[in-house]
Amino acid sequence: MSSTSPGGDERKMRRKMPAPPVYGGLPSMSQARQVTSESGPEVARSVGGGVAVAPAFGPAAAFGPFSSQTRKHLASAQAGGAKSAVPTAAGKSGALWDIQDKDVHTLPEFHPLETTAVFVPNSFAPDVAGRVSDVLRTRSIAATFDNSKAKVSCISEDGVDFRIRLYRGKGKFSHGIIVEVQRRFGFSMSFHVDTVAILDAAEGKVGAAPVPVAIPPAYVPTSQEAAPPLPQTSLSSLKIASEMLSKTGCVDSVANGLNVLVTVTNPKKVGKSASGRACREILSGGEGSLWSSVASFLLGNNAAPVVGNNDTLRDLKTKAINIVANVSQVMEGTDDLQTAQSAVATSVVPALIGAVRNATADARTADLACRALLPLIKTYRSDPSFIQGVLIEGGVREDLVGAHAVGERSHSSLEKSTKSCLKELD
């Protein structure tokens, strides 16, 4: 007569538990707590969901044809690859998570793991760290690596601040590595998908891309029906944002005001009609307008400076660049953007070039700056005074080449956006 150990049936049921029906869907509490209680070949994890890492089919495609001047800069950047590496402090690396097994400490006695954690058995720290850093680059998640603590400080494309830590298992779990993801600040619907992708990569899983969520088509009135009026929500939001930005003595008010502008200028969040009205209103203002307020955060010349530490001020500047990127993309080729060329050239472009130049330290902001520059280049390409006088003489080509090298190492979206800008300049 065979006997089963206590809890054996429960473990079998856990292993047979089906995955969520929709890729990237939120797991149930029972799935989130599904962690094996014994050592073995199984992987213990606490997040459900599908695989979010796209398979690698080989090296990236060739960079493509460029002008002789751009090719010269690219060759120079490749030859000086070692010199252009991200500067590192003691025990830190800004490009790759280069750690050894000795850098990973045992899980502290009284450290409760987040539900977003995974145990990878029979693994080595360098292998796990390499897979995690690869998926961070693929998903364009800006990362700062602390090798001495086996930790990564991350910011997603949507601005969610989170940490990744590696620990060595204790006792009978000492044969594996624990990977933990901790959200610190911010919210995004895509953060769960990012988390699942990171944990899947830590386990070495490679699979299909996410299943897109079906979006119902927009309502189109028939000829017998009156067309609905253009939305006014975005314009009322601009008034609220303007009031918030005027309170420069309160950093929270300013940050919230910029967040409002980031949202109402994004067509993916409020629709093309509402974002178009908001962007047009922002561009049409003169001195003291929202455009002037946003530009002041880019250049750091506020009449009443915002009080805050360097990280806070840097975050405000990133939000301002995000707004400029949204406005330039929505208004690309329009008369409104053509009319604003002088203001754009003097108050915006220098800050964008500076952000691209600083790609080594802040790849996410550099990527936003490139997304803002691309529509401006396309809109003003017929004006040699802008292309040659403002951009080329401002050193933008060299800065884009340097940022492209950073993107190749650690930020996929930055690699693509710099490539697009360089092609337009040629």
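The values are calculated or read from the model by the stated rules, or taken from the named source; none is laboratory data. Treat the numbers as computed from the prediction; the structure is a model and nothing was measured. Positions of Cβ are generated from backbone atoms using ideal geometry, with glycine treated the same way; all protein chains shown enter the neighbour counts.
Checking each residue in region 150-174 for being surrounded by 16 or more Cβ atoms within 10 Å (Cβ to Cβ), at pLDDT below 90 and over 15 Å from the mean Cα position of the chain (by Cα) picks out Gly169, Phe173. If I filter region 401-416 for residues that are more than 18 Å from the chain's Cα centre (by Cα) and not in a helix (DSSP H, G or I), do I get at least one hit? The answer is no, given that none of the residues of region 401-416 is more than 18 Å from the chain's Cα centre (by Cα) and not in a helix (DSSP H, G or I). Ser133 falls short of the stated requirement of being surrounded by 13 or more Cβ atoms within 10 Å (Cβ to Cβ) and at pLDDT below 90. Only a single item in (1) surrounded by 20 or more Cβ atoms within 10 Å (Cβ to Cβ); (2) of a type outside the set (Ser, Thr, Tyr); (3) under 14 Å from Glu203 (Cβ atoms) is not met by Ile141, and it is number (3). Go through region 383-400 and count every residue that is over 20 Å from Asp362 (Cα atoms), in contact (Cβ under 8 Å) with a residue 24 or more places away in the chain and either assigned to a helix (DSSP H, G or I) or of a type in the set (Lys, Arg) (or both). Qualifying residue count, region 383-400: 5. When Leu374, Leu337, Leu400 are screened for being within 14 Å of Cys421 (Cβ to Cβ), in contact with a Ser or Thr (Cβ under 8 Å, 6 or more places away or on another chain) and surrounded by fewer than 24 Cβ atoms within 10 Å (Cβ to Cβ), only Leu374 passes.
Tell me, which strands (runs of 3 or more DSSP E) wholly within region 105-211 include 2 or more residues that are within 30 Å of Asp252 (Cα to Cα) and in the same structural domain as Glu415 (by TED's automatic domain parsing)? Lay out the reasoning, then the answer.
Values: elements: 117-121, 142-146, 151-155, 161-168, 176-185.
No strands (runs of 3 or more DSSP E) qualify here.
Taken over region 132-187, the criterion of being touching a helix residue (DSSP H, G or I) at 6+ places or on another chain (Cβ under 9 Å), farther than 26 Å from Lys416 by Cβ and charged (D, E, K, R) is satisfied by Lys149, Arg165, Arg168, Arg183. Please work out if Ile177 is surrounded by 20 or more Cβ atoms within 10 Å (Cβ to Cβ) and farther than 18 Å from Arg364 by Cα. When the stated conditions are applied, Ile177 passes them. Note on region 132-148: residues that are within 16 Å of Ala366 (Cα to Cα) and of a type in the set (Gly, Ala, Ser) amount to 3. Of the residues making up region 282-337, those that are polar (S, T, N, Q), modelled with pLDDT under 85 and part of a helix (DSSP H, G or I) are Ser284, Ser292, Ser293, Ser296, Asn310, Thr312.
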